[in-house]
Structures are given as C-alpha cells and as structure tokens.
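Enquirer: Supplied in structure tokens, the structure appears directly below.
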Amino acid sequence: MAMAAATAVSLPCCTLVANAVTHRPVVAQCQYSRSISIPKICPFSKLPAFHRAKRCNSLTAVHPTHSTVAASSAQPSVLLVTEPQVEEVKKRLEKEHGHLKSGKNGRDDPALISWFLKDRKLDVDTTVAKLARALKWRSEFGVDQITDEFVAATTAKGAAYLHTHRDKSDRPTIVVVAKKHFPSENSTLETEKLCVALIEKGVDQLPPGKDTLLGIFDLRGFTSKNADWKFIRFLVDVFYEYYPKRLGEVLFIDAPFIFAAGWKAFKPILGKYSQLVRFCSVTEMEEYFTPETIPEDLKS
C-alpha cells in the first residue's frame, strides 16, 4: 500500500515527535539538505535508500514516503544516483567546462559523475564545481601521462606499492614502507606521482560493490630522516578533493615514539580523516589478511 505524501512542521534541531493520531514516531528533515534522521524505534528505519542525516538548526518533522526515507546518522550512507542527475551534471560540465577532457575519467564519465554526486550528497551544483576542479587538476598534474614504466621503476625502490592481494574486506591495498622513504633523496613530484598512480590502479581494481581502498604505513624502523609531513598533507588533499571517500581505512603499523609525537601535532590538521587511522601491531595484520595474502613485508 502506498504511503501518504510527506507533511511537515517546524521543529528545533534534532527534535523528534510522534504523530498525534497514530502515535508513531516521525523523523526530522533538514529544510536545506532534505536529509532525514529516523529514530531507532521508527518502523520505517528498515526501508532502503538511506541518506545520512545532517545536523543543523532548521529541521522539519515529516512522515516518510518511499522516496524520502533515510537512516539516522548512525546508519551507513547509501545515496541512490539517478540517470537524470548524471545527465544534468554531464550537460552542465559540457556547457560550463567544455574544454575539459571527455571519456574515461572525464567530464562525461557516468561512473565518475555518479561517485562525485554521492560525495556531494546528490547536490548538482557542488558536484559540478568539485568535479570540474578535479578534472582540471588531473590535466595539470598529468595523471593520464604517468607511465607504467615510471611506476615499475619507482616501486622497485620498495618505499610504496600496490599489494597483489586484496584484504579480507576485498579492498585493494596500498603499502608504504616508511624506512625506505627518504624525502631528501627523492623529488617531491616523483613521490606525489607514484602516490597518484597507485591510487588510480587501486581504484581500477575495485571489485563490483566495493568503493574504498586500504592504506598501510609500515612504520617499523621509522626515523626523523623518513618523516615527510608535507607528503601526508598532499595525500589528505588528494583524497578529499580528487578521490573523495576512496580511502576506507589507514593502518599505522608499530609506530615508534618519534612518529607518535609528530602525529599528535599533525592530527588536528586532518580533521575527520584522522578517524580513519588505526594504530596497530604487525601481528594484528591477521585481522586483515590470510597467511597466504598478507604482504611479504608484514609477515611477522
């Protein structure tokens, strides 16, 4: 049976009320983002097409419909992108940024447009703006010009590589061996290009239904000569601006005191991205890999 159309009344932030007739709980919806927060006891909270709720100062209480039902902020965000939304972004990019590349990883790539729409919570205007910046960066940085020969030669140094096996969660895994990275001996551009190339290859290897990568920093043997906070800053910017929500988790393996001290000072700069970080020991890698799939560097 179809549900009734949504009705709304103004409520203070995060207030939840019950329908006066049915006494069923209703949900709080943001007037600006249109996202909805459902209480745990709400019978509609089991329905699909959940959107992450935003906290703000202007919410409305609504009776949910099939098209507007969303989960509370504690639920995973699952945004459903529609073909008309993709087409709208594509047309906007062609009209406003027609000089940008087309084709795979270009302004008319449906998969890329869909991912940025999800990142921008289906807001077309902000999707167009962010994706245009990303495409401009790809062109200026020369992402498509990074050759396999360059990647092979650079990864041969052993400082970073894309692991040949995915983890138990089926995530492609990028491994950084900190003790083999010497900022004073390597050009910043070379390090950044290798980073981008590994991300690109990792994203290309994502299996159907999987969206994120695992990053591992092997910090055993780390000294001040290996510290490269400028690169970490670059990494954060790259994942936020150009590969949004592609990094699922970061593992810092056996971090020594000297690293922990630097991390304490750097952590506030990362904001919410610091929540993706887990400090753990090499023996805990069994939580992520089988004995057959664990990276050789991390076999204890």
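Enquirer: Any idea how many residues of region 168-222 are of a type in the set (Lys, Arg) and closer than 25 Å to Phe259 by Cβ? Before the answer, list the steps.
Expert: Going residue by residue through region 168-222, those that are of a type in the set (Lys, Arg) are 168, 171, 179-180, 193, 201, 210, 220.
Applying the additional criterion that residues be closer than 25 Å to Phe259 by Cβ yields 171, 179-180, 193, 220.
Count: 5.
Enquirer: Which one of Val175, Val151 is under 26 Å from Glu249 (Cα atoms), touching a His at 6+ places or on another chain (Cβ under 8 Å), surrounded by 14 or more Cβ atoms within 10 Å (Cβ to Cβ) and modelled with pLDDT of 95 or more?
Expert: Values: Val151 fails: touching a His at 6+ places or on another chain (Cβ under 8 Å).
Just one listed residue meets the conditions, Val175.
Enquirer: Can you name the number of the only condition in (1) in contact (Cβ under 8 Å) with a residue 60 or more places away in the chain; (2) surrounded by 13 or more Cβ atoms within 10 Å (Cβ to Cβ) that Glu284 fails?
Expert: Condition not satisfied by Glu284: (1).
Enquirer: Give me the pairs, please: first residue somewhere in region 216-235 and assigned by TED's automatic domain parsing to the domain that holds His181, second residue anywhere and of a type in the set (Ser, Thr, Tyr) and surrounded by 13 or more Cβ atoms within 10 Å (Cβ to Cβ), beta-carbon distance under 6 Å, and either six or more positions apart or on two chains.
Expert: Note: pairs meeting the criteria are Phe231/Thr191.
Enquirer: Another one. Just to check your reading of the model, which residue among Thr164, Thr188, Thr127 is in the same structural domain as Val250 (by TED's automatic domain parsing), among the polar types (S, T, N, Q) and either surrounded by 14 or more Cβ atoms within 10 Å (Cβ to Cβ) or within 13 Å of Asp297 (Cβ to Cβ) (or both)? Step through it out loud before you land on a result.
Expert: Details: Thr188 fails: either surrounded by 14 or more Cβ atoms within 10 Å (Cβ to Cβ) or within 13 Å of Asp297 (Cβ to Cβ) (or both); Thr127 fails: in the same structural domain as Val250 (by TED's automatic domain parsing).
Just one listed residue meets the conditions, Thr164.
Enquirer: Can you confirm whether region 122-138 contains a residue that is under 15 Å from the mean Cα position of the chain (by Cα), part of a helix (DSSP H, G or I) and over 20 Å from Leu80 (Cα atoms)?
Expert: yes
Let's see how each residue does on (1) among the small types (Gly, Ala, Ser); (2) modelled with pLDDT of 95 or more:
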residue	(1), (2)
Asp218	no, yes
Ile253	no, yes
Gly262	yes, no
Arg278	no, yes
Leu298	no, no
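Enquirer: Hey, which of the strands (runs of 3 or more DSSP E) in region 205-300, taking only ones fully inside, have at least 2 residues that are under 30 Å from Leu131 (Cβ atoms) and under 22 Å from the mean Cα position of the chain (by Cα)?
Expert: Details: elements: 213-218, 247-253, 277-280.
Passing ranges, in order: 213-218, 247-253.
The values are calculated or read from the model by the stated rules, or taken from the named source; none is laboratory data. Bear in mind the structure is a predicted one, so any value in this text is a computation, not a measurement. When we count neighbours, we look across all protein chains shown, and the Cβ atoms used for this are built from the backbone with ideal geometry, even at glycine.
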